[in-house]
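Have a look at the structure below, then the notes.
Here, each number is a calculation from the coordinates, and none is a lab measurement. All figures in this text were calculated on a predicted structure; none of them were measured in a lab. Here the Cβ positions follow ideal geometry from the backbone for every residue, glycine too, while neighbour counts run over all protein chains shown.
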Amino acid sequence: METERCEKMSKSRNFSKYIAYAFLIIVCLIWAIPILFGITTSFRSQAEVVSSGFRLLPVNWIVDNYITILENTSTAPILRWLMNSIFIATTHTLLVIVVISITGYGYSRLKFKGRDALFFILLGISFFPAVVNLIPSYKIIDALGWVNTAWAMVIPGLAGMGNIFLVRQFMKGIPTELDESARVDGASDFRIFISVILPLIKPVLIVCGLFSFTGSWNDFLWPVIVYTDVDKMPVTAGLLLLQDIYGNYRMIGQLMGSAILAIIPTLLLFLFAQKYFVQSINLNSGIKG
């Protein structure tokens, strides 16, 4: 009797597992097919794009679209745009790591009057839609003379409260006994931060760095506002310009090829650092006492 019951429960679990797998496969196909179609479209001729309708794979594979894209260094210098985006996103990410690590240490370890109140006030303000700050932010950037410069993309958003919240929560999982032990040995707050805390919060800093890099790379509205010089644009603002250049001539293959080139760096970043994206789900991966 007990054996039959176990067999029924096992069959029920297997059935649920199959249903879950089927659902995940369907969701994966819904997500993957448009991307695959976009990639294959970049290898089609314009005549095939217009005449063949929906066909997942091209009849004739060509690389002319990519050759045209890469040879256009005057009106649409996509390689320069990619280099601009790499510089902006990398610089922004490095500065973010410095700012949020120090700020998170202050909010989690240092004791001063109004610390928690200030933190939660700033956290609440961060929930306002970003579009509310567009005009004030542009006025500040313009007053500083940063329009059409990389600083317009690098500096804003360094002290994002989302990242600071993650670092603060992670640090709260580190026992304060480590700080006290170092302080007994004569270490200052700065020494404790550098020698004790910083090595332990490396996982969350990597996660925040990945989020900051992808966020800076994919930012679209802000670079469109602060850049008018074609040579200084990041790739997201450049893609909008390509719609005017290639879209007027219905060069769909060139548009798709440009989009594919734009996603390659972040795709490679995700492939090499996907385990850190998984770690971002767990805020309690610090050392527990």
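Summary of the geometry: segment 39-117 and segment 181-224, compared by the centres of their Cα atoms, lie 23 Å apart.
Start at zero, step by 5 Å, and the Cα-Cα distances of segment 151-203 spread as 4, 17, 22, 19, 16, 12, 6, 4, 1 percent across the bins. Relative to the Cα centre, the charge distribution of the chain, modelled as +1 at Lys and Arg Cβ and -1 at Asp and Glu Cβ, gives a dipole magnitude of about 760 debye. Summary of packing: across the peptides 264-270, 82-88, the per-residue average of other C-beta atoms within 10 Å ranks them, highest first, as 82-88, 264-270.
Separation of the alpha carbons by more than 29 angstrom is noted, of Lys111/Lys202; Lys172/Lys275; Lys113/Lys139, for Lys113/Lys139.
Working value for segment 171-267: equivalent-ellipsoid semi-axes of 48, 14, 8 Å, each the square root of 5 times a Cα gyration tensor eigenvalue, largest first. Calculated on the Cα set of segment 74-220, radius of gyration then Dmax: 18.0, 63 Å.
Of the residues Thr75, Thr103, Thr214, the one that moves most in a GNM of the chain with alpha-carbon contacts below 10 Å is Thr75. At the listed q of 0.07, 0.10, 0.17 Å⁻¹, the Debye profile of the chain, built from one uniform point per Cα, gives log10 I(q)/I(0) equal to -0.42, -0.76, -1.32. Of the DSSP H helices in the chain, those with a Cα length along their own long axis of 27 Å or more and a mean Kyte-Doolittle hydropathy reaching 0.0 comprise 2-41, 78-108, 252-279.
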